[in-house]
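**Student:** This is the structure I want to talk about, given as structure tokens.
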């Protein structure tokens, strides 16, 4: 038999908020991953192409500091994108130890072909909220992780 645990109202609200935040995150992540699968990439690969498409050439550390998805094997992921001819490694002119990652022509085409559709997908995903609600959610989430 399940044991009934009683919390203070403030604690109960925080627990419900955490649960709903987790459920919403799981739902959005699942929908996004399903969408990304249709592009032929995995979420980490897609994120890298998306970052490079928006920001231009970056050092490996700069790419991974901007990623929503944290991945363990950076070299293997970049190798797979190189095999698909979507990115290339370029040694920095200032420091040969530093490697810059940039989109190839194919990578740029992939980004251009998928960026608008992805943006539309994200817009549709969040269309259950009004623009005012989205701004409010953005502000509230920023408070939680300190990004305001």
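The values are calculated or read from the model by the stated rules, or taken from the named source; none is laboratory data. Values in this document were obtained by computation on a predicted structure and should not be read as measured data. Because the Cβ atoms are built from the backbone with ideal geometry, glycine has one as well, and the counts that use them run over all protein chains shown.
**Student:** Out of the residues in the stretch 63-78 that are in a helix (DSSP H, G or I) and surrounded by 13 or more Cβ atoms within 10 Å (Cβ to Cβ), which is modelled with the lowest pLDDT?
**Tutor:** Per the criteria, the residue is 74.
**Student:** Please work out if residue 55 is within 30 Å of residue 103 (Cα to Cα) and either surrounded by 10 or more Cβ atoms within 10 Å (Cβ to Cβ) or under 14 Å from the mean Cα position of the chain (by Cα) (or both). Steps first, please.
**Tutor:** On the way: within 30 Å of residue 103 (Cα to Cα): yes; either surrounded by 10 or more Cβ atoms within 10 Å (Cβ to Cβ) or under 14 Å from the mean Cα position of the chain (by Cα) (or both): yes.
Taking the combined requirement at face value, the residue satisfies it.
**Student:** Can you list residue pairs whose Cβ atoms sit under 7 Å apart, with the first residue in the stretch 6-21 being within 16 Å of residue 144 (Cβ to Cβ) and the second being modelled with pLDDT under 95 and surrounded by 10 or more Cβ atoms within 10 Å (Cβ to Cβ)? Count only pairs 6 or more apart in sequence or on different chains.
**Tutor:** 15/7
**Student:** Residue 29 is checked against (1) within 17 Å of the chain's Cα centre (by Cα); (2) surrounded by fewer than 13 Cβ atoms within 10 Å (Cβ to Cβ); (3) free of Cβ contacts under 8 Å to residues at least 24 places away in the same chain and fails just one. What number does that condition carry?
**Tutor:** Unmet for residue 29, out of (1) within 17 Å of the chain's Cα centre (by Cα); (2) surrounded by fewer than 13 Cβ atoms within 10 Å (Cβ to Cβ); (3) free of Cβ contacts under 8 Å to residues at least 24 places away in the same chain: (2).
**Student:** Check whether at least one residue in the stretch 115-133 is surrounded by 14 or more Cβ atoms within 10 Å (Cβ to Cβ), more than 30 Å from residue 17 (Cβ to Cβ) and in contact with a strand residue (DSSP E or B) (Cβ under 8 Å, 6 or more places away or on another chain), and report yes or no.
**Tutor:** Among the residues of the stretch 115-133, not one is surrounded by 14 or more Cβ atoms within 10 Å (Cβ to Cβ), more than 30 Å from residue 17 (Cβ to Cβ) and in contact with a strand residue (DSSP E or B) (Cβ under 8 Å, 6 or more places away or on another chain), which makes the answer no.
Listed here are the residues, each with its yes/no results for (1) touching a strand residue (DSSP E or B) at 6+ places or on another chain (Cβ under 9 Å); (2) within 17 Å of residue 106 (Cβ to Cβ); (3) assigned to a strand (DSSP E or B).
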position: 41; (1), (2), (3): no, yes, no
position: 49; (1), (2), (3): yes, yes, no
position: 61; (1), (2), (3): no, no, no
position: 88; (1), (2), (3): yes, yes, yes
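**Student:** Checking residue 125 against (1) without any contact (Cβ under 8 Å) to a residue 60 or more places away in the chain; (2) touching a helix residue (DSSP H, G or I) at 6+ places or on another chain (Cβ under 7 Å); (3) within 24 Å of residue 31 (Cβ to Cβ); (4) assigned to a helix (DSSP H, G or I), which test does it fail?
**Tutor:** Exception for residue 125: condition (1).
**Student:** State whether one or more residues within the stretch 5-18 are more than 30 Å from residue 140 (Cβ to Cβ), modelled with pLDDT under 95 and out of contact with any strand residue (DSSP E or B) (no Cβ under 8 Å at 6 or more places or on another chain).
**Tutor:** Within the stretch 5-18, not a single residue is more than 30 Å from residue 140 (Cβ to Cβ), modelled with pLDDT under 95 and out of contact with any strand residue (DSSP E or B) (no Cβ under 8 Å at 6 or more places or on another chain).
**Student:** Looking at the stretch 91-111, is at least one residue within 19 Å of the chain's Cα centre (by Cα), closer than 20 Å to residue 51 by Cα, exposed (fewer than 12 other Cβ atoms within 10 Å of the Cβ) and at pLDDT 95 or above?
**Tutor:** Looking for residues that are within 19 Å of the chain's Cα centre (by Cα), closer than 20 Å to residue 51 by Cα, exposed (fewer than 12 other Cβ atoms within 10 Å of the Cβ) and at pLDDT 95 or above, one finds none in the stretch 91-111, hence no.
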